[in-house]
Amino acid sequence: MKIIVILLSFLTLNNCNSTKIASNLNQKQQNSQVMLNGEYIVKTLRNEDVTKYNLELNFIDTLQKVNGFSGCNRFFGNYSYHSSNLSFSPLASTKMFCSEDNNKIESKFLEVLSTINHIKRNDSIIELISNSDVVLTMVKTQKSTNITFEYSALSRGFYKLITINKKEITVINKRNTKPIIKTCSDNAWENIINTLKTVDLENIPNLKAPTENRFFDGAAIANLKITIDGTTYETASFDHGHPPKEIEPLVKEILSISENIE
């Protein structure tokens with residue numbers, strides 16, 4: 001009789017342990033489910049490191065919409081995500097002209113997105129999968145809360161200082177004059193941030209100016225500083241009106257915003 005009781009106790013205990021293990025495994029599976037919302041930076045594309053291109057995916061889970069940067073253009077569209085199955089609808093994009101290298105990466109990136117059918121987490125890395133092959137990896141980013149742009153241009157007869165942050169735009173057009181201060185609209189801020197995403201911040205100090213008229217008073221001496229959460233990225237000097245091509249869209253955006261408040 002004692003043997004039967006012991007066996008029954010063992011079986012009951014073993015069954016409870018099995019239930020707990022199954023429950024823990026199920027909980028781990030739920031915890032590993034990717035909460036697909038927010039901004040992600042693409043790390044690899046078909047096993048190639050593509051971080052220098054600043055490829056980006058931004059998911060809006062409540063609307064099942066996606067947008068981002070594909071190496072040359074901004075794109076947008078819809079996606080479907082359910083039980084780790086992920087697919088993208090045909091994506092629309094802007095039509096900008098870029099270098100051959102950026103165009104190739106963009107074509108490859110958009111082609112890869114069209115083949116995605118599954119997603120999974122691997123520690124902090126999110127893997128996008130096509131027919132069991134990992135074709136894209138990405139990491140979620142935290143949007144910076146403190147970004148400031150400062151553009152200056154000066155010569156013996158010219159002075160301009162523009163400072164832009166999320167809250168306001170400040171412009172000084174002459175030395176020793178009061179600044180013009182206006183609220184920075186959400187649309188203006190979104191435009192400048194989207195343009196910033198095309199810039200390789202780490203390479204900013206190495207950019208070469210296309211012209212040298214500033215050295216003989218043929219142009220005002222210009223400079224661009226971008227400060228992100230206390231870290232400042234600063235260009236070498238360049239001619240006002242002729243920035244290095246890598247930051248030309250950003251400088252144009254800054255000048256355009258400032259002109260609209262004068």
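The values are calculated or read from the model by the stated rules, or taken from the named source; none is laboratory data. These figures come from a predicted structure and were not determined experimentally. Positions of Cβ are backbone-derived with ideal geometry, glycine not excepted, and every protein chain shown enters the neighbour counts. Just so you know, the surface numbers come from the protein's heavy atoms only, side chains and all, with ligands and any DNA or RNA stripped out. Shrake-Rupley method; radii C 1.70, N 1.55, O 1.52, S 1.80 Å.
The figures follow:
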{"quantity": "Neighbourhood charge, 14 Å Cβ-Cβ cut-off, centred on His242 and excluding it, Lys, Arg +1 and Asp, Glu -1", "calculated": "0"}
{"quantity": "Cβ-based net charge around Ile116, under 13 Å, with every Lys or Arg adding one and every Asp or Glu removing one", "calculated": "-1"}
{"quantity": "Listed residue pairs exceeding 30 Å between alpha carbons, taken from Lys52/Lys174; Lys108/Lys166; Lys174/Lys208; Lys140/Lys167; Lys65/Lys208; Lys182/Lys225", "calculated": "Lys52/Lys174; Lys108/Lys166; Lys65/Lys208"}
{"quantity": "Estimated dipole of the chain in Debye, rounded to 20 [Cβ of Lys and Arg +1, of Asp and Glu -1, Cα centre]", "calculated": "700 debye"}
{"quantity": "Extension gain from Phe97 to Asn47, taking 0.36 nm per residue of separation minus the Cα-Cα distance", "calculated": "15.4 nm"}
{"quantity": "Region 194-209 - phi-based ³J(HN,Hα) in whole Hz, Karplus 6.51/-1.76/1.60, Gly and Pro as x", "calculated": "5, 5, 4, 5, 8, 9, 7, 4, 5, 8, 3, x, 9, 5, 9, 5"}
{"quantity": "Trypsin sites (Lys or Arg not before Pro) within region 186-228, DSSP loop, no more than 12 other Cβ atoms inside 10 Å", "calculated": "Lys208"}
{"quantity": "Cβ-based net charge around Thr94, under 12 Å, with every Lys or Arg adding one and every Asp or Glu removing one", "calculated": "+1"}
{"quantity": "Solvent-accessible surface ranking, highest first, for Asp200, Asp49, Asp239 at 1.4 angstrom", "calculated": "Asp49, Asp200, Asp239"}
{"quantity": "Expected 222 nm ellipticity per residue - DSSP helices of 4 or more, -39500 (n - 2.57), all of the chain, to 500", "calculated": "-8500 deg cm²/dmol"}
{"quantity": "For Lys166, residues with placed amide H under 5 Å, excluding near neighbours", "calculated": "Ile147"}
{"quantity": "Within straight-line cross-link reach of Lys178, aspartates and glutamates at Cα separation under 18 Å, skipping those fewer than 8 residues along the same chain", "calculated": "Glu150, Glu168, Glu259, Glu262"}
{"quantity": "Within region 91-125, trypsin sites (Lys or Arg not before Pro) in DSSP loop having at most 12 other beta-carbon neighbours inside 10 Å", "calculated": "Lys95"}
{"quantity": "Prolate/oblate/rounded label for the chain (Cα gyration tensor, a/c 1.5)", "calculated": "prolate"}
{"quantity": "Glu190 versus Asn223: modelled label distance in nm, points set 7 Å from Cα along the beta carbon direction", "calculated": "3.4 nm"}
